[in-house]
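Visitor: One structure, pasted below without further comment.
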6 protein chains.
Amino acid sequence: MIDFPAGFKAPFVRPSGRVADAMREVTLTPGASRHAEGSCLIRFGVTEVLCTASIESRVPPFLRNTGQGWVTAEYGMLPRATHTRGDREAAKGKQSGRTQEIQRLIGRSLRAVTDLKAMGEMSITLDCDVLTADGGTRCAAITGAWVALHLAFQHCIRSNILKVNPLRDHVAAISCGVWQGTPVLDLDYAEDSKAETDGNFVMTGSGGVVEVQATAEGAPFSEEELLKLMALARAGTGKLFEMQKVAIRG
Amino acid sequence: MIDFPAGFKAPFVRPSGRVADAMREVTLTPGASRHAEGSCLIRFGVTEVLCTASIESRVPPFLRNTGQGWVTAEYGMLPRATHTRGDREAAKGKQSGRTQEIQRLIGRSLRAVTDLKAMGEMSITLDCDVLTADGGTRCAAITGAWVALHLAFQHCIRSNILKVNPLRDHVAAISCGVWQGTPVLDLDYAEDSKAETDGNFVMTGSGGVVEVQATAEGAPFSEEELLKLMALARAGTGKLFEMQKVAIRG
Amino acid sequence: MIDFPAGFKAPFVRPSGRVADAMREVTLTPGASRHAEGSCLIRFGVTEVLCTASIESRVPPFLRNTGQGWVTAEYGMLPRATHTRGDREAAKGKQSGRTQEIQRLIGRSLRAVTDLKAMGEMSITLDCDVLTADGGTRCAAITGAWVALHLAFQHCIRSNILKVNPLRDHVAAISCGVWQGTPVLDLDYAEDSKAETDGNFVMTGSGGVVEVQATAEGAPFSEEELLKLMALARAGTGKLFEMQKVAIRG
Amino acid sequence: MIDFPAGFKAPFVRPSGRVADAMREVTLTPGASRHAEGSCLIRFGVTEVLCTASIESRVPPFLRNTGQGWVTAEYGMLPRATHTRGDREAAKGKQSGRTQEIQRLIGRSLRAVTDLKAMGEMSITLDCDVLTADGGTRCAAITGAWVALHLAFQHCIRSNILKVNPLRDHVAAISCGVWQGTPVLDLDYAEDSKAETDGNFVMTGSGGVVEVQATAEGAPFSEEELLKLMALARAGTGKLFEMQKVAIRG
Amino acid sequence: MIDFPAGFKAPFVRPSGRVADAMREVTLTPGASRHAEGSCLIRFGVTEVLCTASIESRVPPFLRNTGQGWVTAEYGMLPRATHTRGDREAAKGKQSGRTQEIQRLIGRSLRAVTDLKAMGEMSITLDCDVLTADGGTRCAAITGAWVALHLAFQHCIRSNILKVNPLRDHVAAISCGVWQGTPVLDLDYAEDSKAETDGNFVMTGSGGVVEVQATAEGAPFSEEELLKLMALARAGTGKLFEMQKVAIRG
Amino acid sequence: MIDFPAGFKAPFVRPSGRVADAMREVTLTPGASRHAEGSCLIRFGVTEVLCTASIESRVPPFLRNTGQGWVTAEYGMLPRATHTRGDREAAKGKQSGRTQEIQRLIGRSLRAVTDLKAMGEMSITLDCDVLTADGGTRCAAITGAWVALHLAFQHCIRSNILKVNPLRDHVAAISCGVWQGTPVLDLDYAEDSKAETDGNFVMTGSGGVVEVQATAEGAPFSEEELLKLMALARAGTGKLFEMQKVAIRG
């Protein structure tokens, strides 16, 4: 047994071995779905989410005859995307509160950077299906769905349905948290399940914030911590915007 | 018609007529429910939420034989709590995503200040039912549910089920938003539906943050705006903690 | 211990202490809901039901283009309206048979005194939500819903949607039962759960009967008993009609 | 065209051609189901209901370890039992309020004449399925279910599960109504849909009343009318008890 | 105990006592439902299925304005059609996979012999409700539904809605299986539950096959066995076509 | 325009351009899922199905304390696996009849080659999720699920839970159909939607048939055609067994 001198503090080591501001390896594969008008398979380390954008010519009732379009999202997880098998929501007959919360967040985030009026009366549904889960699935979904949406709009332009792309800006998301007192970027499942604070940050290419959700899992957090998490998120989303730019170039 | 001089800027006026950092009149009525072990009727202006705490001697399966308790919440709205009647969720056969999101938030917030191990194996369900809605119902629910929970624990102490109250701190919540470019406290429905940014802040009596949710409804917001909203929230919840102290004194 | 002489029969005492033909204290608070076109909070002792009337301009499919209106009711109970918490029907995903039975009764009772043709093609939904339950909730709901409906029709007259009030008569309801062999008026929960016979009587201001439902909980009852219960109900509803008159005067 | 003298009043004629106190032809076929422990196919004119009694050795949770049994009922209607096809409740995914109301009534009626303690801890489910509907299905169901239940108890006696039959009395039901001002017995569908008042009377062999449900479909009714309906019902159920006696003799 | 010589093989005996190619007694009762436009009660031994055909003037959305009709089927089983009571699907709130599989098969089989264009825009729903189950219910349903459908089309001709019967051919079905190594015709429940292979064959009057479904319950089966089963089915359906011809003659 | 001579018959060309007995390119990727105990991603041309096998230590109630295991399957399709987006079954709240039919078939097919007693009391759930659909998904699912199941059993052997692999034989499936009068192997979506007859054949490595389902989509088919389809299927599954052998070698 090692005899540590008094006052010794173990050096900070994340379960993933990453340094505090290191993101996992992220890859975006545009066009990953054979049939969808736009699609992107996004990976954050082991986490893998297939995002597809499907165009429909009709809008929800509250938008009929307004000339305005709609963007919405649905989220799902394959039963064995996780370490232990989860129930299939289709078999249970309802979507969990978590699923609904996440798909509402994805839809809101993408609408925040879409000019719905410029779309005309059409709907786009973003399906974000988690093939493998290892933390950060909702952030991966938002980031990948942006690419799928962009590609679907490009498809509309090529098909002469639209003249300009109604996406006004990039949007991407990343999770950050406080782990053993240290703010860290991009939590994987092992880190997320033990973090003291856990937050999701949705940001735009021009530096604005679309949504912040931060939750104390253990002790409450302070404003300072929130600001540090936000700084990490800003750096992380900055990299994601670069990858999105590459992905849509085709 | 008035002839305004060039460069004239209308003075800032909220729809409610309140100044930026003014909260609506808040009242807490402890013991408002005849049968519940703890209860509180909370009003934020016109908004009115009945919070009850119900004790059960069994815990969810994942806590059986752990000696630990559980606090959970359910949220509902009377069909005509709102300006136009909404569908009754019981008749539709399912709770909306919004309902589930809110009740998960309430439960998380209250668990953040409860020593679940000190409860022993018992469950408390916090029912938060909106009798009249005018914005801020989830924040009112959290603030009132804390009182109901505190009273239920006091009931346990009087009944010799518990020796000390497992609540470690106060928790309260308030909404803030950016309205016509100005950060304002405690949005009512008219303000909330037109705010550029809308946030809910859940804070503890000792100054920590339990949960932050901020969403850009129009243009993205900046870190500076988020900090200003948080400062307003800190002032607002400070007043709510004082009212909670009065309410539990009985 | 008291030594009773042979043949002694304990004087009749209801659990509530009331004499056989005494109703609980009843109060009607018209306009109790902020948003509804008509509303009434009704109390029968501890029992407390909020009744709201909501106007919609469309009618069910079977009435389209008939020029006729519709009145329907929905009934609910807050989970902790009762001594021990009941499941939330919205969370369970369906309304119980009891709930459906009651809301059908309320709807039928109000339609019985409404000139549906005189309404024109509009619908009114009466939401009756039990805030506190102590027996007699369906009767309280019918009695309070009549006030809410009347006020909603008055609202239509003030708004020039209607010229005359389509309500042709009062309707009110009261429960009666046989308790320890004696017919008694207005059962509270403690009495209801031990009554030998339990009935609900829905009557009109002009003395007619709209609905009778009487059930033997123990031994079957006789015609004579039914007639006695009906006489009690007639007296009880007579008082309720007076209170309704006061309530709608405003 | 016939020239009626002034003051001529058409003689009373029911749609069915029956006189006011005439019941339709009723037949009871005991043992109509191949597999059930007790069964009876009952016909009231065209109305045809198959009643089966199924024994299970377990009781609902609230009766476990009480030594007491339970009798419950389920009611259904084949989609084309009616003049125009109704939706299949299994396909719609829920039972209507009407279905639930009826099956609760059937269960209550049969429990009223059963000594649940004498059953021991067993459950009997009475399935009442309407093969053809022409009015009066719930009354036919109660009357036929009594025979099915009696036969199921006899089966228990033959199998040495019970020593005595826990049925304490007969129970039967009949509908009565006011048709063109005249109280009439046993309404068929054509009469029921135009009756001014419509009631169902559940009575016991010893002359008691188990349940009365009477509803004014048009104008309210009077006590006198209710009494006349009840007298008709008493005569009608008297005949039904005789048929039940024949049916169980087997 | 009998002392069998070496190599002795017990003579083949089916549980039903029938020889391998013997069908149970089959009866078809056309017009068994009072209200349906076409109907047939079909019995295969103890198995008893009521088939009704209901005409509606509208078609499913995908056929609107195509001038084409539709034939669909629903299948159900009374809870006590079986040896032990099954749950009522309406009460459980959903149809089992088995129910859906069977009703899809019935619909497909009848559409295979119907000239949907010759129907014009009308729908016919075939309700097949099992009153008593003893194996072979889906085959009985197909065979009886054909008669119900034919009668419904005749009804349309009599009502001048159609000029010619859109049924182009007969269709009937029979189950066959391998029992103790021997291919046998028309399995009853006792045989079906122990058969090594179990198949349903849907055939047309002109000798074609509409659907084959054969499943190995134990060891896999061979092509030869499948051919033998099909030969049995051909003989069996041949007899059923004769009965159908008699049934529609009326 | 080409001027064809009389009697000219266009040479047979499948939409896919394949000759009648050509299968699409098939690839099996074992271990495609990060977390599952066994998994296989299987592709038939464009069709892509992810099959995972998840082990649980408990069995369904009817197998408790029998020492026997269970294998079951669930099937799903990503909403945009298809040419046009389909509704998400989890959002609709129920699985379609088609989904249930397919997952029952997969489960049956795998159980046919598994020695359930040799498994001991454990359950394996095979999740077959279609990522891209282009015909033949249920056959791909069966073929891929066999690999996933085999790998899961190998995992049990490595973990000392089992000594021998309970799989007694291979099982694979392939669709065949009649296209323009010619029997063809392995229909893709374009072929399947226009085939006159469409069948699925589930076969074992030792040459037996586990399940045959053949349906006439247009005119009925003959025995000869069924035999030709089965011969094609035998050849096709022969190749699939070879690929399975390679896949499990790892």
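Visitor: So, in the range C:176-204, how many residues would count as being open to solvent by 10 Å² or more (accessible area, probe 1.4 Å) and not in a loop (DSSP other than H, G, I, E, B)?
Guide: Matching residues across the range C:176-204 total 8.
Visitor: Which condition number does C:Ile142 fail, the rest of (1) touching a Ser or Thr at 6+ places or on another chain (Cβ under 6 Å); (2) part of a loop (DSSP other than H, G, I, E, B); (3) not hydroxyl-bearing (Ser, Thr, Tyr) being met?
Guide: The one condition C:Ile142 does not meet is (2).
Visitor: Scan the range E:126-139 and give yes if some residue there is in a helix (DSSP H, G or I), under 30 Å from D:Cys40 (Cβ atoms) and not charged (D, E, K, R), otherwise no.
Guide: yes
Visitor: I've got another one for you. For D:Pro166, work out the one condition from (1) crowded, with 24+ Cβ neighbours inside 10 Å; (2) farther than 18 Å from D:Ala81 by Cβ it doesn't fulfil.
Guide: Single failed check for D:Pro166: (1).
Visitor: With respect to the numbered conditions (1) outside any helix (DSSP H, G or I); (2) more than 13 Å from chain A (Cβ to nearest Cβ); (3) surrounded by fewer than 24 Cβ atoms within 10 Å (Cβ to Cβ), which one is the sole condition not fulfilled by B:Lys117?
Guide: (1)
Visitor: Which one is farthest from D:Val46 (Cα to Cα) among residues in the range E:27-49 that are among the hydrophobic types (A, V, I, L, M, F, W, C) and open to solvent by less than 20 Å² (accessible area, probe 1.4 Å)?
Guide: Only one residue fits best here, namely E:Phe44.
Visitor: Looking only at the range C:236-245, decide whether some residue is within 14 Å of chain D (Cβ to nearest Cβ) and closer than 25 Å to C:Thr52 by Cα.
Guide: yes
Visitor: Continuing with this model, one more query. Could you go through the range C:119-142 and let me know if any residue there is of a type outside the set (S, T, N, Q) and free of Cβ contacts under 8 Å to residues at least 40 places away in the same chain.
Guide: Within the range C:119-142, none of the residues are of a type outside the set (S, T, N, Q) and free of Cβ contacts under 8 Å to residues at least 40 places away in the same chain.
Visitor: Please pick out the residue among A:Gly236, A:Gly144 that is touching a strand residue (DSSP E or B) at 6+ places or on another chain (Cβ under 6 Å), closer than 25 Å to A:Ala36 by Cα and modelled with pLDDT of 95 or more.
Guide: The conditions single out A:Gly144.
Visitor: So which residues in the range E:93-130 are farther than 18 Å from E:Leu78 by Cβ, in contact with a helix residue (DSSP H, G or I) (Cβ under 8 Å, 6 or more places away or on another chain) and among the charged types (D, E, K, R), if there are any at all?
Guide: Matches in the range E:93-130: E:Glu101, E:Arg104, E:Glu121.
Visitor: Identify the residue in the range D:10-51 that is part of a loop (DSSP other than H, G, I, E, B) and acidic (Asp, Glu) and, among all such residues, is nearest to the other protein chains (Cβ to nearest Cβ).
Guide: D:Glu37
Visitor: Then there's this: So, in the range F:64-114, of the ones that are in contact (Cβ under 8 Å) with a residue 60 or more places away in the chain and at the interface with another protein chain (Cβ under 10 Å from one of its Cβ atoms), which residue ends up surrounded by the most Cβ atoms within 10 Å (Cβ to Cβ)?
Guide: F:Ser109
Visitor: Which of the residues spanning the range F:205-250 are in contact with a Ser or Thr (Cβ under 9 Å, 6 or more places away or on another chain), under 14 Å from E:Met230 (Cβ atoms) and part of a helix (DSSP H, G or I)?
Guide: F:Glu225, F:Leu226, F:Leu229
Visitor: Could you please let me know if D:Ala219 is of a type in the set (A, V, I, L, M, F, W, C) and either more than 14 Å from chain C (Cβ to nearest Cβ) or open to solvent by less than 10 Å² (accessible area, probe 1.4 Å) (or both)?
Guide: Answer is no for this residue.
Visitor: Restricting to the range C:222-235, give me the number of residues that are more than 8 Å from chain D (Cβ to nearest Cβ) and either acidic (Asp, Glu) or more than 19 Å from C:Ala140 (Cα to Cα) (or both).
Guide: Count: 3.
Visitor: Among E:Ala173, E:Ala133, which is surrounded by 24 or more Cβ atoms within 10 Å (Cβ to Cβ), within 14 Å of another protein chain (Cβ to nearest Cβ) and in contact with a helix residue (DSSP H, G or I) (Cβ under 6 Å, 6 or more places away or on another chain)?
Guide: E:Ala173
The values are calculated or read from the model by the stated rules, or taken from the named source; none is laboratory data. Note that this is a predicted model, so its numbers are computed, not measured. All Cβ positions, even for glycine, are placed from backbone atoms using ideal geometry, and neighbour counts span all protein chains on display. The area values use the complete protein model at the heavy-atom level, side chains included, leaving out ligands, DNA and RNA. Shrake-Rupley method; radii C 1.70, N 1.55, O 1.52, S 1.80 Å.
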